[in-house]
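Visitor: Next up is a structure, given as structure tokens.
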Amino acid sequence: MLRLPAFEYHRPQTVEEAARLLDGFGDQALAIAGGTDVVPNMKHGLFEPAQVISLRGLPELRGIHVRGAELVLGAGETLASVAAHPMVRLHAASLAEAAGLVAGPQLRNMGTLGGNVCLDTRCTYYNQTRFWRQALGYCLKKDGDTCHVTRVGRKCVAAHSADTPPALMTLGASADFVSARGERSIPIADLFIADGIWNTVRRPDEILVRVRVPLPPEGTRTAFRKVRQRNAIDFPLLNMALACELDPEERVRSIRLVVSALGSRPRMVSGLDEVATGRTLSDEVVEAVAGKAHQQCRPLTNIIVDPEWRRAMVPVHVSRMLRGLTTPAAAA
Ligand SMILES: Cc1cc2nc3c(=O)[nH]c(=O)nc-3n(C[C@H](O)[C@H](O)[C@H](O)COP(=O)(O)OP(=O)(O)OC[C@H]3O[C@@H](n4cnc5c(N)ncnc54)[C@H](O)[C@@H]3O)c2cc1C
Ligand code: SF4
């Protein structure tokens with residue numbers, strides 16, 4: 001049986017108090033929300049905090065509502081409530097879809113949006129027990145000095161494995177953080193960096209309080225797709241989100257596509273305007289967009305499933321997602 005190590009547990013009542021605790025305890029501290037990732041990772045010896053600061057019940061992290069031209073989602077809202085909320089389904093359907101496809105129902109009832117955005121990266125050689133990792137001499141991300149994936153250099157390429165960020169990026173969302181030093185907002189498209197050890201520009205003592213999604217312009221259609229081993233529960237082998245604004249003649253006004261679960265950060269596919277803007281989503285345009293995604297996505301063996309197969313699935317699912325925007329039956 002895997003046991004939790006000893007730690008002190010703190011239950012602050014306000015976000016300011018939580019921020020003070022995180023600041024005061026420094027690198028001894030770790031925030032916990034639903035705990036669906038923190039707890040297994042602590043049992044595996046991947047996180048070893050002496051002080052655990054609970055974010056559950058902080059009033060500032062609750063609520064989902066439309067304010068002005070934005071949909072505002074508290075970071076402490078569960079994935080189940082994000083997936084089911086009528087305002088999210090109306091204004092950010094791809095986000096509702098992504099939240100509804102995380103893990104399984106029990107984990108979505110505990111896991112939060114904030115925990116999903118701040119989720120640690122994953123790797124075949126990292127998400128293992130301490131005994132398993134020790135047998136291999138550990139790895140660069142935790143306790144060791146070698147990367148078993150790249151075998152060269154000093155870079156960790158563990159995979160970004162959260163489902164909601166691709167949808168949030170295509171929707172142009174921003175994240176609001178609070179720490180003892182004050183507040184700051186970061187567009188989610190700028191949050192992630194290509195470093196599997198710590199793959200965001202968020203500092204460890206910053207608390208994600210809310211996510212703000214601009215209400216999309218009329219004619220915007222969104223979609224999310226996920227490939228996983230078992231549809232009942234698993235992390236993504238590949239996921240992707242799309243937001244496409246169409247004019248009344250169904251010509252593309254703007255298009256944003258993000259593909260993830262391959263490298264350490266979600267990839268915003270570039271160069272789509274030149275192949276799609278001003279045109280309808282014909283077979284030729286769908287193929288061109290899928291081709292751009294295929295060209296730009298190069299997974300490594302950071303997850304147990306063959307990277308070449310995962311790469312080959314990129315254009316297949318991009319095409320299905322695009323065709324599903326105009327003819328929903330084609331998305332199946
Ligand atoms: C079997 C299994 C399957 C899973 N499948 C998926 C999947 O398919 N897709 C997927 O995306 N995830 C999956 N997960 C991971 C996890 O359940 C979700 O990502 C969930 O959203 C994490 O939220 P949480 O509140 O439980 O986060 P926690 O575990 O509490 O925290 C996760 C990380 O985020 C930090 N954190 C949490 N909230 C905040 C905040 N407000 N501000 C700053 N930092 C914060 C914590 O310090 C920690 O580093 C799975 C987990 C398990 C155990
Ligand atoms: S990519 Fe390399 S360094 Fe990173 S977790 Fe995997 S084996 Fe470790």
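Visitor: Within the range 227-238, is there a residue that is more than 10 Å from ligand 1 (Cβ to nearest atom) and closer than 25 Å to residue 63 by Cα?
Guide: no
Visitor: Does residue 189 satisfy the criteria of being assigned to a helix (DSSP H, G or I) and touching a residue at least 40 places away in the same chain (Cβ under 8 Å)?
Guide: yes
Visitor: Taking the options 271, 291, name whichever one is on the phi > 0 side of the Ramachandran plot and either in contact with a helix residue (DSSP H, G or I) (Cβ under 8 Å, 6 or more places away or on another chain) or modelled with pLDDT of 95 or more (or both).
Guide: On inspection, the qualifying residue turns out to be 271.
Visitor: Take the residues of the range 257-307 that are part of a loop (DSSP other than H, G, I, E, B) and more than 22 Å from the chain's Cα centre (by Cα): which is surrounded by the most Cβ atoms within 10 Å (Cβ to Cβ)?
Guide: Only one residue fits best here, namely 281.
Visitor: Need the failing condition index for residue 196 against (1) touching a residue at least 40 places away in the same chain (Cβ under 8 Å); (2) within 16 Å of ligand 1 (Cβ to nearest atom); (3) not in a loop (DSSP other than H, G, I, E, B), just the number.
Guide: With respect to (1) touching a residue at least 40 places away in the same chain (Cβ under 8 Å); (2) within 16 Å of ligand 1 (Cβ to nearest atom); (3) not in a loop (DSSP other than H, G, I, E, B), residue 196 is out only on (3).
Visitor: Shifting gears a bit: Taking into account only those residues within the range 70-116 that are among the β-branched types (Val, Ile, Thr) and within 11 Å of ligand 1 (Cβ to nearest atom), which is nearest to residue 220 (Cα to Cα)?
Guide: 82
Visitor: With buried (at least 22 other Cβ atoms within 10 Å of the Cβ) and modelled with pLDDT of 95 or more as the only criterion, which of 253, 221, 225, 184 stands out?
Guide: One residue alone meets the criteria, 225.
Visitor: Consider residue 177 carefully, then state whether it is within 24 Å of residue 54 (Cβ to Cβ), at pLDDT 95 or above and either away from ligand 1 (no atom under 11 Å from the Cβ) or in contact with a strand residue (DSSP E or B) (Cβ under 9 Å, 6 or more places away or on another chain) (or both).
Guide: Answer is yes for this residue.
Visitor: Among the residues of the range 120-149, write down those that are more than 10 Å from ligand 2 (Cβ to nearest atom) and either among the β-branched types (Val, Ile, Thr) or over 20 Å from residue 2 (Cβ atoms) (or both).
Guide: 129, 137
Visitor: Would you say residue 134 is more than 16 Å from ligand 1 (Cβ to nearest atom) and part of a helix (DSSP H, G or I)?
Guide: It is true that residue 134 is more than 16 Å from ligand 1 (Cβ to nearest atom) and part of a helix (DSSP H, G or I).
Visitor: A further question follows. Every residue in the range 39-67 that is part of a helix (DSSP H, G or I) and in contact with a helix residue (DSSP H, G or I) (Cβ under 8 Å, 6 or more places away or on another chain), please.
Guide: Within the range 39-67, 60, 61 meet the criteria.
Visitor: Still on this structure: Can you tell me how many residues within the range 244-256 are in contact with a helix residue (DSSP H, G or I) (Cβ under 8 Å, 6 or more places away or on another chain), part of a strand (DSSP E or B) and of a type in the set (D, E, K, R)?
Guide: Here the count works out to 1.
Visitor: Quick check: is even one residue across the range 145-153 away from ligand 1 (no atom under 16 Å from the Cβ), modelled with pLDDT of 95 or more and surrounded by fewer than 17 Cβ atoms within 10 Å (Cβ to Cβ)?
Guide: no
Okay, residues lined up against (1) away from ligand 2 (no atom under 16 Å from the Cβ); (2) in contact (Cβ under 8 Å) with a residue 24 or more places away in the chain:
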position: 151; (1), (2): no, no
position: 158; (1), (2): no, yes
position: 163; (1), (2): yes, yes
position: 176; (1), (2): yes, yes
position: 237; (1), (2): no, yes
position: 252; (1), (2): yes, yes
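The values are calculated or read from the model by the stated rules, or taken from the named source; none is laboratory data. None of these values were measured; they are calculated from a predicted model. Reconstructed Cβ throughout: ideal geometry from the backbone, glycine too, with neighbour counts over all protein chains shown.
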